[in-house]
Amino acid sequence: MESKLTAQAGRVRPPEGGKSRRVYLLLRDEIANGHYPVGSVLPSEDRLGKMYRVSRVTVRRALKSLTDDGLIEKRMGAGSTVIAARADAADLAADMATLIPQVADIGRQSSARLLSFSYGTPPDAVARDMRLDPGARVQTAVRVRVAEGTPFSHLTTHVPETIARNYSETDLATSPLFQLLERSGVKIASARQSVTATLASPDVAEALEVAVASPLLSLTRLVADDTGTAVEHLTALYRPDMFRLEMALHRVGGGDDRHWEPVIGTAERARAAE
C-alpha cells in the first residue's frame, strides 16, 4: 500500500478567528483545485462576504493570510489576483509497505527539536496499547520536526525504560528514534497505525506555529519487534496545510464484483528491480 506524506515548505499561517480561518481554508482549497486558476481574480470582498455569510473584516483577514502565503496578490483597482496554485513544496514520502526506510529518509530531509524528555508511568491508553505490566515505566519524549525552517509535525513517543536507557537525551535530540532503537538491539519487525483528525491544543499550536484549535492530522503508531513486543508508541500531529495522504489504486475483478484495491508497493518495487 503506497501512501505519501507531502510537506510544503511555505510558512503558512491561517488567520486567528474561526470565521476568518474557515474562509481562508475554503479559498485556499478553491485555488488549489483550480476553481480559481493562476491569473484569475477572486470575487470582491463584498461578494465573498455574501458568499460565506461573514463580514468584510473577516474576508480581509482571510485574504491577508492568502497574500502572506504567496497565493494571491492585491493589485490596486484590480482586486485580488491568484499568483500561485499552492505554496512551494518539499516532498517527504512515507510508504506504508516500507515504513522504517521511509522514516529514515524523512529524518535525513528534516531536523528535530526536542521539547521534553522524561521517565515515568505512561498514560493508561498507552500502557494498554503497549500491553505493559502495571507500574511499568517508559521514556517519554516530545519533539517537533522541521523542514526548511518550518515546523510540520509534533511527535510524542513512549519507549519501554529497559530499551530507552540505552540512549541519552542528547542522542534523541540528534538522531531518529528508530535508529536508536536498532542501535539498542531492537529488531523492528512491524507497525500498526491509525489516522484521524484533531484540533491543536495551545502548546501544540505554539510548537507548530498555527492558531489554537486549528485542524491537525493525527496519526497513532504502535511499533513491535520480531517477537511481537511493543517497543514504541507514537502520537504524531501534522499540519494539514503541509501534508496530504495519497494512495495508488487499481481496478480489479469483473462484472458486479469489480472494485478498487490499493497498489501494493512491494510488488511495484520488485518489478522495478527486475
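The values are calculated or read from the model by the stated rules, or taken from the named source; none is laboratory data. Just so you know, these numbers come straight off a predicted model, no measurement behind them. Note that we place each Cβ from the backbone using ideal geometry, even for glycine, and neighbour counts take in every protein chain shown.
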Q.
assigned by TED's automatic domain parsing to the domain that holds residue 136 and without any contact (Cβ under 8 Å) to a residue 24 or more places away in the chain: which single residue out of 220, 198, 170 fits that description?
A. 170
Q | Cβ-Cβ under 9 Å pairs, at least 6 apart or on other chains, segment 54-78 side on the phi > 0 side of the Ramachandran plot, far side surrounded by 14 or more Cβ atoms within 10 Å (Cβ to Cβ) and among the hydrophobic types (A, V, I, L, M, F, W, C) | A | 70/83; 70/84; 70/87
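If a residue counts only when it is within 24 Å of the chain's Cα centre (by Cα), at pLDDT 85 or above and more than 30 Å from residue 192 (Cα to Cα), which helices (runs of 4 or more DSSP H) contained entirely in segment 21-111 have at least 1 such residues?
Of the helices (runs of 4 or more DSSP H) lying wholly inside segment 21-111, those with at least 1 residues that are within 24 Å of the chain's Cα centre (by Cα), at pLDDT 85 or above and more than 30 Å from residue 192 (Cα to Cα) span 56-68.
Working carefully through the options 146, 159, 138, 204, find the one that is under 17 Å from residue 220 (Cβ atoms), modelled with pLDDT under 95 and of a type outside the set (Asp, Glu).
Only one candidate passes the filter, namely 204.
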Q. Quick one: in segment 179-221, which of the residues that are charged (D, E, K, R) and assigned to a strand (DSSP E or B) is farthest from residue 166 (Cα to Cα)?
A. 192
Q.
What's the total number of residues in segment 6-20 that are at pLDDT 85 or above and surrounded by fewer than 22 Cβ atoms within 10 Å (Cβ to Cβ)?
A. 1
Q) Does any residue of segment 196-205 turn out to be buried (at least 19 other Cβ atoms within 10 Å of the Cβ), touching a His at 6+ places or on another chain (Cβ under 9 Å) and of a type outside the set (Ser, Thr, Tyr)? A) yes
(Q) Kindly evaluate residue 154 against the criterion of being of a type outside the set (S, T, N, Q), under 30 Å from residue 18 (Cβ atoms) and at pLDDT 90 or above. (A) yes
